[in-house]
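These notes are about the structure you will find just below.
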Amino acid sequence: MSSEELVRVAQQRGFFFKTAPSYPNAPAGFLDYGPMGVALKARIIELWRRMIVKRDGMIEIDGAQILPKAVFEASGHLSSFTDPFVSCPKCGSVYRPDKLLEEKTGKAVPEKLSDADYDSLMARAGVKCSRCGASLLGTTRFNMMFKVGIGPTGEEAYLRPETCQSIFVDFPLLYKTQRAKLPIGMAQVGRSFRNEIAPRQGLLRLRELNQAEVEVFFNPKKSDAPAYEWARGDVLSFRMPDGKDSQMSVDQALRSAVIPNMLIGHYLALITRFYEAAGVPRSSQRLRVLSDEDRAFYSKAAFDLEVKIGTGWLELVACNYRGDFDLGGHAKASGTDFTVEDSGEKVLPHVFELSLGVDRSTYVVMELSLRGEGDRRSLALKPYLAPVQACVFPLVNKDGLQEAARSIVAELRDSFDVFYDESGSIGRRYARADETGVPVCLTVDYDTLKDNTVTLRDRDTRQQERVAVSELASRLASITRFPRLGPTPEA
Ligand SMILES: [Zn+2]
(Lines give C-alpha, C1' and ligand atoms only; values in the text may rest on other atoms or scores of the structure.)
Protein backbone atom coordinates (compact mmCIF):
# COMPACT_ATOMS: atom_id res chain seq x y z
CA MET A 1 0.00 0.00 0.00
CA SER A 2 1.26 3.49 -0.81
CA SER A 3 1.69 6.12 1.87
CA GLU A 4 -1.02 8.23 0.14
CA GLU A 5 -3.40 5.31 0.60
CA LEU A 6 -2.51 5.05 4.28
CA VAL A 7 -3.01 8.78 4.79
CA ARG A 8 -6.43 8.51 3.11
CA VAL A 9 -7.52 5.58 5.33
CA ALA A 10 -6.09 7.32 8.41
CA GLN A 11 -8.12 10.47 7.74
CA GLN A 12 -11.28 8.68 6.59
CA ARG A 13 -11.43 6.34 9.60
CA GLY A 14 -10.40 8.86 12.25
CA PHE A 15 -6.83 7.80 12.98
CA PHE A 16 -4.85 10.97 12.25
CA PHE A 17 -4.77 14.03 10.01
CA LYS A 18 -2.95 17.33 9.61
CA THR A 19 -3.69 19.83 12.39
CA ALA A 20 -6.29 22.55 11.67
CA PRO A 21 -7.62 20.91 8.49
CA SER A 22 -10.06 23.81 7.94
CA TYR A 23 -7.10 26.16 7.48
CA PRO A 24 -5.17 25.22 4.34
CA ASN A 25 -2.23 27.48 5.24
CA ALA A 26 -1.71 26.10 8.76
CA PRO A 27 2.01 25.37 9.33
CA ALA A 28 3.36 21.89 8.63
CA GLY A 29 4.69 19.56 11.30
CA PHE A 30 1.58 19.19 13.47
CA LEU A 31 -0.77 16.24 13.72
CA ASP A 32 -4.19 15.59 15.28
CA TYR A 33 -5.31 12.14 16.33
CA GLY A 34 -8.95 11.16 15.84
CA PRO A 35 -10.77 8.64 18.04
CA MET A 36 -9.20 5.53 16.45
CA GLY A 37 -5.73 7.09 16.51
CA VAL A 38 -6.05 7.98 20.19
CA ALA A 39 -6.91 4.36 20.97
CA LEU A 40 -4.24 2.82 18.72
CA LYS A 41 -1.53 5.11 20.12
CA ALA A 42 -2.60 4.29 23.69
CA ARG A 43 -2.40 0.55 22.95
CA ILE A 44 1.04 0.79 21.37
CA ILE A 45 2.17 2.67 24.50
CA GLU A 46 0.54 0.00 26.67
CA LEU A 47 2.45 -2.72 24.79
CA TRP A 48 5.70 -0.76 25.33
CA ARG A 49 4.87 -0.39 29.04
CA ARG A 50 4.23 -4.10 29.43
CA MET A 51 7.18 -5.37 27.40
CA ILE A 52 9.83 -2.92 28.57
CA VAL A 53 8.83 -0.69 31.51
CA LYS A 54 6.92 -3.17 33.68
CA ARG A 55 8.98 -6.16 32.61
CA ASP A 56 12.17 -4.61 33.96
CA GLY A 57 10.54 -2.94 36.98
CA MET A 58 11.19 0.61 35.78
CA ILE A 59 9.99 3.83 37.38
CA GLU A 60 7.63 5.88 35.21
CA ILE A 61 7.20 9.63 35.52
CA ASP A 62 5.22 12.38 33.81
CA GLY A 63 7.26 15.58 33.87
CA ALA A 64 6.37 19.17 32.99
CA GLN A 65 6.68 20.21 29.34
CA ILE A 66 8.11 23.63 30.19
CA LEU A 67 11.53 23.57 31.83
CA PRO A 68 13.77 26.37 33.08
CA LYS A 69 16.57 27.75 30.93
CA ALA A 70 19.18 26.42 33.37
CA VAL A 71 18.25 22.82 32.53
CA PHE A 72 19.00 23.37 28.86
CA GLU A 73 22.20 25.27 29.59
CA ALA A 74 23.43 22.21 31.48
CA SER A 75 22.16 19.71 28.90
CA GLY A 76 23.86 21.54 26.04
CA HIS A 77 20.63 22.14 24.12
CA LEU A 78 20.88 25.92 24.33
CA SER A 79 24.24 25.94 22.58
CA SER A 80 24.00 22.94 20.30
CA PHE A 81 20.41 21.79 19.62
CA THR A 82 20.62 23.42 16.22
CA ASP A 83 20.06 22.58 12.58
CA PRO A 84 21.81 24.25 9.65
CA PHE A 85 19.65 26.46 7.48
CA VAL A 86 20.05 28.67 4.48
CA SER A 87 17.62 31.29 3.25
CA CYS A 88 17.32 32.30 -0.37
CA PRO A 89 18.88 35.76 -0.93
CA LYS A 90 16.24 36.60 -3.55
CA CYS A 91 12.87 35.22 -2.37
CA GLY A 92 13.51 34.38 1.29
CA SER A 93 12.55 30.68 1.08
CA VAL A 94 14.13 28.69 3.92
CA TYR A 95 15.91 25.37 3.41
CA ARG A 96 18.04 22.81 5.21
CA PRO A 97 21.26 22.56 3.19
CA ASP A 98 21.81 18.90 4.18
CA LYS A 99 18.36 17.95 2.83
CA LEU A 100 18.89 19.93 -0.39
CA LEU A 101 22.22 18.21 -0.94
CA GLU A 102 20.73 14.78 -0.29
CA GLU A 103 17.98 15.43 -2.81
CA LYS A 104 20.37 16.78 -5.41
CA THR A 105 23.11 14.15 -5.09
CA GLY A 106 21.12 11.16 -3.80
CA LYS A 107 23.83 10.59 -1.16
CA ALA A 108 23.66 10.88 2.61
CA VAL A 109 25.34 13.99 3.98
CA PRO A 110 27.53 13.54 7.09
CA GLU A 111 25.87 14.99 10.19
CA LYS A 112 28.65 17.15 11.51
CA LEU A 113 29.64 19.52 8.67
CA SER A 114 30.56 23.15 9.26
CA ASP A 115 28.48 25.97 7.78
CA ALA A 116 31.29 26.70 5.30
CA ASP A 117 31.34 23.02 4.24
CA TYR A 118 27.64 23.23 3.39
CA ASP A 119 28.18 26.40 1.33
CA SER A 120 30.99 24.89 -0.73
CA LEU A 121 29.15 21.57 -1.22
CA MET A 122 26.04 23.43 -2.42
CA ALA A 123 28.10 25.53 -4.83
CA ARG A 124 29.84 22.42 -6.18
CA ALA A 125 26.56 20.47 -6.61
CA GLY A 126 24.83 23.48 -8.18
CA VAL A 127 22.02 23.55 -5.58
CA LYS A 128 19.49 26.28 -6.40
CA CYS A 129 16.37 27.71 -4.75
CA SER A 130 13.51 25.53 -5.93
CA ARG A 131 11.15 28.50 -5.94
CA CYS A 132 13.12 31.18 -7.80
CA GLY A 133 16.30 29.47 -9.03
CA ALA A 134 18.78 31.70 -7.18
CA SER A 135 22.08 30.25 -5.92
CA LEU A 136 22.11 29.53 -2.21
CA LEU A 137 24.88 30.67 0.10
CA GLY A 138 25.29 31.69 3.73
CA THR A 139 24.43 28.61 5.82
CA THR A 140 23.83 29.47 9.45
CA ARG A 141 22.35 27.79 12.56
CA PHE A 142 18.89 27.79 14.04
CA ASN A 143 18.15 26.59 17.58
CA MET A 144 15.17 24.28 17.38
CA MET A 145 13.82 24.80 20.89
CA PHE A 146 10.54 26.71 21.31
CA LYS A 147 11.17 29.57 23.73
CA VAL A 148 8.40 30.61 26.12
CA GLY A 149 8.14 33.41 28.70
CA ILE A 150 6.91 32.59 32.22
CA GLY A 151 4.70 35.15 33.93
CA PRO A 152 4.41 38.88 33.11
CA THR A 153 8.17 39.36 33.26
CA GLY A 154 8.58 36.66 30.64
CA GLU A 155 11.20 34.68 32.51
CA GLU A 156 13.10 32.64 29.90
CA ALA A 157 12.10 28.99 29.62
CA TYR A 158 11.67 26.38 26.91
CA LEU A 159 9.29 23.68 25.79
CA ARG A 160 11.30 20.48 26.21
CA PRO A 161 12.79 19.17 22.95
CA GLU A 162 12.96 15.64 24.44
CA THR A 163 11.28 14.06 27.44
CA CYS A 164 14.45 12.65 29.00
CA GLN A 165 15.76 15.84 30.64
CA SER A 166 13.14 15.62 33.40
CA ILE A 167 14.24 12.05 34.08
CA PHE A 168 17.84 13.21 34.49
CA VAL A 169 17.05 16.18 36.73
CA ASP A 170 14.58 14.12 38.82
CA PHE A 171 17.02 11.22 39.15
CA PRO A 172 18.49 11.93 42.65
CA LEU A 173 15.05 12.51 44.20
CA LEU A 174 13.42 9.48 42.54
CA TYR A 175 16.34 7.19 43.29
CA LYS A 176 16.06 8.02 46.97
CA THR A 177 12.28 8.18 47.43
CA GLN A 178 11.57 5.08 45.31
CA ARG A 179 14.34 3.15 47.11
CA ALA A 180 15.90 2.25 43.77
CA LYS A 181 18.98 0.12 43.22
CA LEU A 182 21.24 0.05 40.18
CA PRO A 183 20.51 -0.87 37.48
CA ILE A 184 17.24 1.06 37.33
CA GLY A 185 15.24 2.20 34.32
CA MET A 186 13.22 5.40 34.38
CA ALA A 187 10.62 5.96 31.71
CA GLN A 188 8.38 8.68 30.43
CA VAL A 189 5.73 9.10 27.75
CA GLY A 190 4.94 12.62 26.70
CA ARG A 191 5.08 15.48 24.25
CA SER A 192 8.25 17.13 23.02
CA PHE A 193 8.64 20.16 20.82
CA ARG A 194 11.14 20.81 18.04
CA ASN A 195 10.93 23.86 15.85
CA GLU A 196 11.98 22.03 12.69
CA ILE A 197 13.17 24.36 9.94
CA ALA A 198 11.20 23.03 6.99
CA PRO A 199 9.43 19.76 7.81
CA ARG A 200 8.70 18.20 4.45
CA GLN A 201 8.19 14.55 5.39
CA GLY A 202 4.55 15.30 6.12
CA LEU A 203 3.47 13.38 9.16
CA LEU A 204 6.85 11.84 9.88
CA ARG A 205 8.72 14.98 10.91
CA LEU A 206 6.68 16.74 13.56
CA ARG A 207 7.24 19.97 15.46
CA GLU A 208 5.12 18.65 18.33
CA LEU A 209 5.74 14.95 18.87
CA ASN A 210 4.98 12.11 21.25
CA GLN A 211 7.94 10.26 22.70
CA ALA A 212 8.30 7.19 24.87
CA GLU A 213 11.73 7.30 26.45
CA VAL A 214 13.60 4.96 28.73
CA GLU A 215 16.82 5.88 30.52
CA VAL A 216 18.57 2.92 32.12
CA PHE A 217 20.99 3.94 34.88
CA PHE A 218 23.69 1.41 35.64
CA ASN A 219 27.07 0.84 37.22
CA PRO A 220 29.46 0.60 34.24
CA LYS A 221 31.49 -2.03 36.11
CA LYS A 222 28.43 -4.32 36.19
CA SER A 223 27.11 -3.97 32.65
CA ASP A 224 27.81 -7.62 31.87
CA ALA A 225 25.79 -9.07 34.77
CA PRO A 226 24.23 -12.53 34.21
CA ALA A 227 20.73 -10.98 34.35
CA TYR A 228 21.22 -9.64 30.81
CA GLU A 229 22.20 -12.95 29.27
CA TRP A 230 18.72 -14.19 28.38
CA ALA A 231 19.04 -12.44 25.01
CA ARG A 232 22.44 -13.90 24.12
CA GLY A 233 21.08 -15.96 21.22
CA ASP A 234 18.70 -13.35 19.74
CA VAL A 235 19.73 -12.60 16.16
CA LEU A 236 19.69 -8.91 15.26
CA SER A 237 20.35 -7.14 11.94
CA PHE A 238 23.02 -4.47 11.98
CA ARG A 239 23.76 -1.90 9.28
CA MET A 240 27.45 -1.17 9.88
CA PRO A 241 28.93 2.32 9.39
CA ASP A 242 30.61 1.12 6.16
CA GLY A 243 27.16 0.39 4.70
CA LYS A 244 27.39 -3.40 5.02
CA ASP A 245 24.59 -5.43 6.59
CA SER A 246 25.36 -8.06 9.16
CA GLN A 247 23.15 -10.57 10.97
CA MET A 248 24.57 -11.38 14.38
CA SER A 249 23.42 -12.88 17.62
CA VAL A 250 23.73 -10.57 20.62
CA ASP A 251 26.61 -12.76 21.74
CA GLN A 252 28.47 -12.44 18.42
CA ALA A 253 27.86 -8.69 18.38
CA LEU A 254 29.34 -8.47 21.84
CA ARG A 255 32.41 -10.53 20.91
CA SER A 256 33.03 -8.47 17.76
CA ALA A 257 32.63 -5.23 19.80
CA VAL A 258 29.61 -3.99 17.83
CA ILE A 259 27.79 -3.90 21.19
CA PRO A 260 29.89 -2.60 24.11
CA ASN A 261 28.23 -4.64 26.87
CA MET A 262 25.53 -7.19 27.64
CA LEU A 263 23.13 -4.65 29.20
CA ILE A 264 22.98 -2.87 25.84
CA GLY A 265 22.49 -6.23 24.11
CA HIS A 266 19.57 -6.93 26.44
CA TYR A 267 17.81 -3.69 25.52
CA LEU A 268 18.49 -3.94 21.78
CA ALA A 269 16.97 -7.43 21.85
CA LEU A 270 14.03 -6.21 23.92
CA ILE A 271 13.18 -3.28 21.64
CA THR A 272 13.39 -5.57 18.60
CA ARG A 273 10.97 -8.00 20.28
CA PHE A 274 8.67 -5.10 21.13
CA TYR A 275 8.32 -4.09 17.46
CA GLU A 276 7.85 -7.72 16.46
CA ALA A 277 4.95 -7.90 18.92
CA ALA A 278 3.59 -4.66 17.42
CA GLY A 279 3.48 -6.27 13.97
CA VAL A 280 6.85 -5.25 12.50
CA PRO A 281 8.63 -8.43 11.35
CA ARG A 282 12.26 -8.85 12.40
CA SER A 283 13.16 -8.94 8.69
CA SER A 284 11.86 -5.35 8.32
CA GLN A 285 13.99 -4.07 11.21
CA ARG A 286 17.65 -3.14 11.41
CA LEU A 287 19.94 -1.41 13.88
CA ARG A 288 22.01 1.24 12.17
CA VAL A 289 25.34 1.48 13.97
CA LEU A 290 26.35 5.13 14.12
CA SER A 291 29.93 5.94 13.22
CA ASP A 292 32.21 8.00 15.45
CA GLU A 293 31.52 11.03 13.22
CA ASP A 294 27.75 10.66 13.42
CA ARG A 295 27.55 10.23 17.20
CA ALA A 296 27.33 13.06 19.68
CA PHE A 297 30.73 13.69 21.31
CA TYR A 298 29.64 12.21 24.66
CA SER A 299 28.08 9.09 23.15
CA LYS A 300 30.00 5.83 23.60
CA ALA A 301 27.85 3.82 21.20
CA ALA A 302 24.64 4.56 19.32
CA PHE A 303 22.17 2.56 17.26
CA ASP A 304 19.15 3.78 15.33
CA LEU A 305 16.41 1.19 15.13
CA GLU A 306 15.09 1.56 11.59
CA VAL A 307 12.09 -0.06 9.92
CA LYS A 308 11.55 -0.61 6.23
CA ILE A 309 8.36 0.98 4.91
CA GLY A 310 7.22 1.88 1.39
CA THR A 311 9.35 5.02 1.18
CA GLY A 312 12.54 3.42 2.57
CA TRP A 313 14.09 2.96 6.00
CA LEU A 314 12.64 5.09 8.77
CA GLU A 315 14.25 5.70 12.17
CA LEU A 316 11.90 4.85 15.04
CA VAL A 317 14.15 4.61 18.09
CA ALA A 318 17.45 6.26 18.96
CA CYS A 319 19.39 3.88 21.23
CA ASN A 320 22.24 5.75 22.78
CA TYR A 321 24.91 4.92 25.36
CA ARG A 322 25.29 8.39 26.89
CA GLY A 323 27.87 7.54 29.57
CA ASP A 324 27.68 9.92 32.54
CA PHE A 325 27.30 13.02 30.37
CA ASP A 326 23.76 13.90 31.50
CA LEU A 327 24.01 13.25 35.22
CA GLY A 328 27.48 14.78 35.32
CA GLY A 329 26.29 17.92 33.54
CA HIS A 330 23.30 18.43 35.81
CA ALA A 331 25.36 17.68 38.92
CA LYS A 332 27.84 20.38 37.98
CA ALA A 333 25.22 22.98 36.98
CA SER A 334 22.84 22.42 39.91
CA GLY A 335 25.34 21.71 42.67
CA THR A 336 23.34 18.58 43.61
CA ASP A 337 25.04 15.25 44.30
CA PHE A 338 24.00 12.80 41.56
CA THR A 339 26.14 9.91 42.75
CA VAL A 340 24.55 6.86 44.37
CA GLU A 341 25.77 3.98 46.54
CA ASP A 342 26.26 0.68 44.78
CA SER A 343 27.88 -2.27 46.56
CA GLY A 344 29.55 0.02 49.03
CA GLU A 345 31.05 2.44 46.51
CA LYS A 346 29.94 5.83 45.20
CA VAL A 347 29.00 5.68 41.54
CA LEU A 348 27.92 8.30 39.03
CA PRO A 349 25.68 6.00 36.96
CA HIS A 350 26.02 5.58 33.23
CA VAL A 351 22.96 5.86 31.01
CA PHE A 352 21.66 3.79 28.13
CA GLU A 353 18.72 5.46 26.41
CA LEU A 354 15.92 4.10 24.21
CA SER A 355 14.19 7.12 22.73
CA LEU A 356 11.12 5.96 20.82
CA GLY A 357 9.05 8.09 18.45
CA VAL A 358 5.41 7.25 19.21
CA ASP A 359 3.85 9.01 16.22
CA ARG A 360 6.22 7.37 13.75
CA SER A 361 5.70 4.00 15.39
CA THR A 362 1.92 4.40 15.11
CA TYR A 363 2.31 5.31 11.44
CA VAL A 364 4.59 2.33 10.74
CA VAL A 365 2.35 -0.15 12.57
CA MET A 366 -0.54 1.07 10.42
CA GLU A 367 1.38 1.04 7.16
CA LEU A 368 2.68 -2.49 7.69
CA SER A 369 -0.82 -3.68 8.64
CA LEU A 370 -2.68 -2.23 5.68
CA ARG A 371 -3.76 -4.87 3.16
CA GLY A 372 -5.62 -4.27 -0.08
CA GLU A 373 -7.66 -6.29 -2.51
CA GLY A 374 -9.40 -4.38 -5.30
CA ASP A 375 -10.88 -1.37 -3.57
CA ARG A 376 -11.22 -3.19 -0.23
CA ARG A 377 -8.81 -2.26 2.53
CA SER A 378 -8.12 -4.14 5.71
CA LEU A 379 -5.99 -3.04 8.64
CA ALA A 380 -4.57 -6.30 9.96
CA LEU A 381 -3.47 -4.91 13.33
CA LYS A 382 -2.48 -7.29 16.08
CA PRO A 383 -5.82 -7.81 17.93
CA TYR A 384 -4.36 -6.40 21.18
CA LEU A 385 -3.54 -3.14 19.37
CA ALA A 386 -6.93 -2.74 17.69
CA PRO A 387 -8.66 0.52 18.69
CA VAL A 388 -12.03 -1.23 18.73
CA GLN A 389 -12.09 -4.89 19.69
CA ALA A 390 -15.47 -5.86 18.27
CA CYS A 391 -18.29 -4.45 16.17
CA VAL A 392 -21.84 -5.58 16.84
CA PHE A 393 -24.40 -5.50 14.01
CA PRO A 394 -28.09 -6.35 13.85
CA LEU A 395 -28.65 -8.15 10.54
CA VAL A 396 -31.79 -6.08 9.91
CA ASN A 397 -33.23 -3.12 11.77
CA LYS A 398 -36.50 -4.70 12.89
CA ASP A 399 -38.11 -7.58 14.83
CA GLY A 400 -36.11 -6.96 18.00
CA LEU A 401 -32.66 -7.57 16.48
CA GLN A 402 -31.48 -4.04 17.31
CA GLU A 403 -32.47 -4.49 20.95
CA ALA A 404 -30.70 -7.85 21.13
CA ALA A 405 -27.55 -6.34 19.56
CA ARG A 406 -27.62 -3.35 21.93
CA SER A 407 -27.87 -5.56 24.95
CA ILE A 408 -24.75 -7.45 23.80
CA VAL A 409 -22.96 -4.12 23.39
CA ALA A 410 -24.02 -3.07 26.89
CA GLU A 411 -22.71 -6.36 28.29
CA LEU A 412 -19.32 -6.24 26.52
CA ARG A 413 -18.68 -2.54 27.10
CA ASP A 414 -17.63 -3.15 30.70
CA SER A 415 -14.46 -4.88 29.53
CA PHE A 416 -13.96 -3.99 25.84
CA ASP A 417 -14.16 -1.17 23.35
CA VAL A 418 -17.15 -2.20 21.28
CA PHE A 419 -18.83 -0.37 18.43
CA TYR A 420 -22.50 -0.71 17.46
CA ASP A 421 -23.35 -0.20 13.77
CA GLU A 422 -26.76 -0.58 12.14
CA SER A 423 -26.34 1.60 9.04
CA GLY A 424 -25.89 0.28 5.49
CA SER A 425 -25.66 -3.28 4.20
CA ILE A 426 -23.83 -5.92 6.23
CA GLY A 427 -21.12 -5.92 3.53
CA ARG A 428 -20.58 -2.18 3.93
CA ARG A 429 -20.42 -2.54 7.71
CA TYR A 430 -17.81 -5.34 7.44
CA ALA A 431 -15.77 -3.17 5.06
CA ARG A 432 -15.76 -0.21 7.47
CA ALA A 433 -14.81 -2.48 10.38
CA ASP A 434 -11.97 -4.09 8.37
CA GLU A 435 -10.57 -0.69 7.39
CA THR A 436 -10.62 0.36 11.05
CA GLY A 437 -8.75 -2.81 12.07
CA VAL A 438 -11.56 -4.34 14.18
CA PRO A 439 -10.52 -7.99 14.71
CA VAL A 440 -14.02 -9.47 15.01
CA CYS A 441 -17.58 -8.57 13.98
CA LEU A 442 -20.57 -10.03 15.80
CA THR A 443 -23.82 -10.23 13.85
CA VAL A 444 -27.17 -10.67 15.53
CA ASP A 445 -29.74 -12.46 13.34
CA TYR A 446 -33.06 -14.33 13.73
CA ASP A 447 -31.28 -17.40 15.14
CA THR A 448 -29.97 -15.23 17.96
CA LEU A 449 -33.52 -14.76 19.19
CA LYS A 450 -34.02 -18.55 19.23
CA ASP A 451 -30.74 -20.00 20.54
CA ASN A 452 -28.86 -16.98 21.91
CA THR A 453 -25.88 -17.34 19.55
CA VAL A 454 -24.31 -14.79 17.15
CA THR A 455 -22.10 -15.01 14.06
CA LEU A 456 -18.48 -14.18 14.87
CA ARG A 457 -16.51 -13.12 11.77
CA ASP A 458 -12.72 -12.97 11.77
CA ARG A 459 -11.23 -9.89 10.06
CA ASP A 460 -8.24 -11.64 8.48
CA THR A 461 -9.69 -15.00 7.43
CA ARG A 462 -13.30 -13.75 6.96
CA GLN A 463 -14.35 -17.09 8.43
CA GLN A 464 -17.62 -17.10 10.32
CA GLU A 465 -18.74 -19.27 13.22
CA ARG A 466 -21.61 -19.39 15.68
CA VAL A 467 -20.73 -18.46 19.24
CA ALA A 468 -23.00 -18.43 22.31
CA VAL A 469 -23.64 -14.93 23.64
CA SER A 470 -22.62 -16.17 27.10
CA GLU A 471 -19.15 -17.05 25.76
CA LEU A 472 -18.46 -13.77 23.91
CA ALA A 473 -16.61 -12.03 26.73
CA SER A 474 -14.18 -14.89 27.26
CA ARG A 475 -13.66 -15.35 23.49
CA LEU A 476 -12.92 -11.64 23.06
CA ALA A 477 -10.57 -11.68 26.04
CA SER A 478 -8.53 -14.50 24.55
CA ILE A 479 -8.45 -12.94 21.07
CA THR A 480 -7.30 -9.52 22.31
CA ARG A 481 -4.95 -10.61 25.12
CA PHE A 482 -1.50 -8.98 25.16
CA PRO A 483 1.45 -11.33 24.57
CA ARG A 484 3.18 -12.92 27.56
CA LEU A 485 6.08 -10.89 28.93
CA GLY A 486 8.71 -13.59 28.45
CA PRO A 487 11.70 -14.23 30.71
CA THR A 488 12.51 -11.64 33.33
CA PRO A 489 16.08 -10.42 33.68
CA GLU A 490 16.27 -12.05 37.14
CA ALA A 491 15.24 -15.45 35.78
ZN1 LIG B 1 14.43 31.79 -3.97
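The values are calculated or read from the model by the stated rules, or taken from the named source; none is laboratory data. Just so we're clear, the structure is a prediction, and the values are computed from it rather than from any experiment. Note that each Cβ is placed from the backbone with ideal geometry, even for glycine, and that neighbours are counted across all protein chains shown. Please note that ligands, DNA and RNA were not included when accessible areas were found on the heavy atoms of the full protein model with its side chains. Shrake-Rupley method; radii C 1.70, N 1.55, O 1.52, S 1.80 Å.
The table below gives the values:
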read-out	value
In the stretch 113-134, the residues that are among the small types (Gly, Ala, Ser) and closer than 14 Å to Pro89 by Cα	Ser130, Gly133, Ala134
The stretch 124-152: number of residues that are open to solvent by 60 Å² or more (accessible area, probe 1.4 Å) and within 16 Å of the ligand (Cβ to nearest atom)	5
Candidates Ile167, Ile197, filtered to the one that is within 16 Å of the ligand (Cβ to nearest atom), closer than 20 Å to Gly76 by Cβ and touching a residue at least 40 places away in the same chain (Cβ under 8 Å)	Ile197
Tally of residues being under 18 Å from the mean Cα position of the chain (by Cα), of a type outside the set (Asp, Glu) and under 28 Å from Ala386 (Cβ atoms) across the stretch 45-74	9
Answer residue from the stretch 75-99, given it is free of Cβ contacts under 8 Å to residues at least 40 places away in the same chain and more than 10 Å from the ligand (Cβ to nearest atom) and is most open to solvent (accessible area, probe 1.4 Å) among those	Ser79
Hits in the stretch 342-377 (condition: part of a loop (DSSP other than H, G, I, E, B), closer than 30 Å to Phe168 by Cβ and open to solvent by 40 Å² or more (accessible area, probe 1.4 Å))	Ser343, Gly344, Leu348
Residues satisfying the stated conditions in the stretch 423-470, i.e. of a type in the set (D, E, K, R) and over 35 Å from the mean Cα position of the chain (by Cα)	Asp445, Asp447, Lys450, Asp451, Glu465, Arg466
The lone exception for Arg239 - which of (1) crowded, with 20+ Cβ neighbours inside 10 Å; (2) under 30 Å from Ser283 (Cα atoms); (3) at pLDDT 95 or above; (4) not β-branched (Val, Ile, Thr) it fails	(1)
Subset of the stretch 378-400 that is open to solvent by 10 Å² or more (accessible area, probe 1.4 Å) and over 26 Å from the mean Cα position of the chain (by Cα) - its residue that is nearest to Leu368 (Cα to Cα)	Leu395
Test result for Glu111, more than 16 Å from the ligand (Cβ to nearest atom), in a helix (DSSP H, G or I) and among the charged types (D, E, K, R)	no
